[in-house]
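The values are calculated or read from the model by the stated rules, or taken from the named source; none is laboratory data. Owing to the predicted nature of the structure, the values given are computational and were not obtained by experimental measurement. Cβ sites come from the backbone with ideal geometry, for glycine too, and all protein chains shown count toward neighbours. Surface accessibility is based on the protein's heavy atoms, side chains included, excluding ligands, DNA and RNA. Shrake-Rupley method; radii C 1.70, N 1.55, O 1.52, S 1.80 Å.
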Amino acid sequence: MDFVLFVLKSFFSMDGEKSNQVMLEVHQKGIGVCGIYPFDIAETKLAKVQQFVEQNEHPLICDLQKVD
């Protein structure tokens, strides 16, 4: 849970309360929304998070979904 909070704060600029809400949503439902961004920015954030997760050997999965 601490790792997820760190990722949300560091990569998505969430404050303590918002990051805690999203972390609990991920913990309880298995999925949560980190933000809505233009596609190129979302791709960049996804790549950075995935690289960080791999470097830290953490099982966190981050995905990108297109919103119409």
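Reported count of residues in segment 14-30, each being open to solvent by 100 Å² or more (accessible area, probe 1.4 Å) and in a loop (DSSP other than H, G, I, E, B), is 0.
For first residues located in segment 28-41 and over 16 Å from residue 18 (Cα atoms), partners that are modelled with pLDDT of 95 or more and lie 6+ apart or on another chain with Cβ distances below 8 Å form the pairs 37/45. The residues in segment 37-68 that are under 13 Å from residue 11 (Cα atoms), in contact with a Leu (Cβ under 8 Å, 6 or more places away or on another chain) and open to solvent by 70 Å² or more (accessible area, probe 1.4 Å) can be counted, and the count is 1.
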